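Derivation of every value follows stated rules applied to the coordinates shown; laboratory data play no part. Model, not experiment: these values are computed from the prediction. Virtual Cβ from ideal backbone geometry, glycine too; neighbours counted across all protein chains shown.
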Amino acid sequence: MKYIELVVNTFDSMREEVVDVLYECEVYTFEESTAKTFEELSQDEKNWDFVGEEVFSLKKGILIIKCYFSKDEVEIVKKIKTKLEEKNIDVTISETDDSDWANNWKQYYHPVEIGSKITIKPTWENYENKNRIVVEIDPGMAFGTGTHETTSLCIEALEKYLKPLDIVFDIGCGSGILGIAALKLGAEKVTAVDIDPKAIEATKNNAYLNNVLDKMTIYKGNLLDVVEGKADVIVSNIIAEIISDMILDLKSSLNNRGIFISSGIIIEKINLVKDALLSSGFEVLEVKEENGWASIVGRVK
Ligand SMILES: C[S@@+](CC[C@H](N)C(=O)[O-])C[C@H]1O[C@@H](n2cnc3c(N)ncnc32)[C@H](O)[C@@H]1O
């Protein structure tokens, strides 16, 4: 299969800026390597004229970040390229036949224990612990391996607020990880929604792997547009702006005293979501932060 390969070449000190752009464009899976230390750079490399003085003076090594996209993702690739070039960061794009890519990234994922109950186990890894609830995940090309702070913050909140036999909506389900974790924590039924067909495929696959397919309804669609009825818990890990928009419709999809769990919010934007909740008839029960990412839990008043 052919992929579009996007390679970012910059100094190590620019890592955060590159990763911010990738996250803004909802790209969370990439390979990164520090190719050389400053001392190892050739004279030509040391003379990169696109690197600003300030960065150059930090004398960090060269960082290479590679991400892969299928051919229908050209628009995202263009957006990332433009945003990085605005910051004078060098980007090359090429087509690659890297048939190994589909498996290469797997080496970066291992079982991850979240909260006091759940372990996310990549399907290709071995893990056994009778005291924990194991959720098997193969994210395919969708987001949701359990390693990202936003996912684990949502799972911790599910563990805390979900009650047995709750009805749950998982909006922006990615790999299906949150909905499946909710079922394994005792939810009765989950409706999972995502706008991306790759996520729908991954969620179905993972629901089957975890023996919960019969308790999940999986829809391709926009946010709450396609769900029917009301939930006791809605969980959604998408960026702050989208979540804030969704909050306007949220109350009508939640039962009395229903719970909204959300992450995907960079800490600087937490007030956007908090204010939207407060002005839409919710009380805010909790805000948590991890590595610059925030989660928020609200309850219908
Ligand atoms: C950060 S991922 C979260 C995946 C998973 N729920 C987790 O927590 O790991 C966000 C997901 O939301 C989906 N998404 C973005 N905008 C959406 C929208 N308007 N309606 C439904 N899904 C959306 C993306 O396709 C992506 O799969």
Query - Dipole moment magnitude, nearest 20 debye, region 144-216 about Cα centre, only Lys, Arg, Asp, Glu C-beta charged - result: 160 debye
Query raised in the report: Each residue of region 220-232 in turn: what ³J(HN,Hα) in whole Hz from Karplus with 6.51, -1.76, 1.60 and θ = phi - 60°, glycine and Pro shown as x?
Result: 8, x, 8, 6, 8, 4, 9, 7, 10, x, 10, 10, 8
Query - Rel. contact order, % - alpha carbon contacts under 8 angstrom, at least six apart, region 111-300 - result: 18 percent
Query raised in the report: For Asn131 and Cys25 in one chain, what is 0.36 nm times their gap in residues minus the Cα-Cα distance, to one decimal in nm?
Result: 34.4 nm
Report task. Return the subset of Lys204/Lys301; Lys117/Lys204; Lys78/Lys160; Lys121/Lys274; Lys66/Lys189; Lys83/Lys301 for which the Cα-Cα distance in this structure is over 30 Å, preserving the input order. Result -> Lys204/Lys301; Lys78/Lys160; Lys121/Lys274; Lys66/Lys189; Lys83/Lys301
Query raised in the report: Tell me, which longest segment in the chain has none of the GluC sites (Glu not before Pro) that fall in DSSP loops with at most 10 further Cβ atoms within 10 Å?
Result: 1-127
Report summary line: Correct response: the longest run of the chain lacking exposed chymotrypsin sites (Phe, Trp or Tyr not before Pro), defined by DSSP loop and at most 13 other Cβ within 10 Å, is 125-301
Report task. Please compute the Cα-Cα pair-distance distribution of region 111-300 with 10 Å bins starting at 0, giving whole percents from short to long. Result -> 10, 41, 38, 10, 1
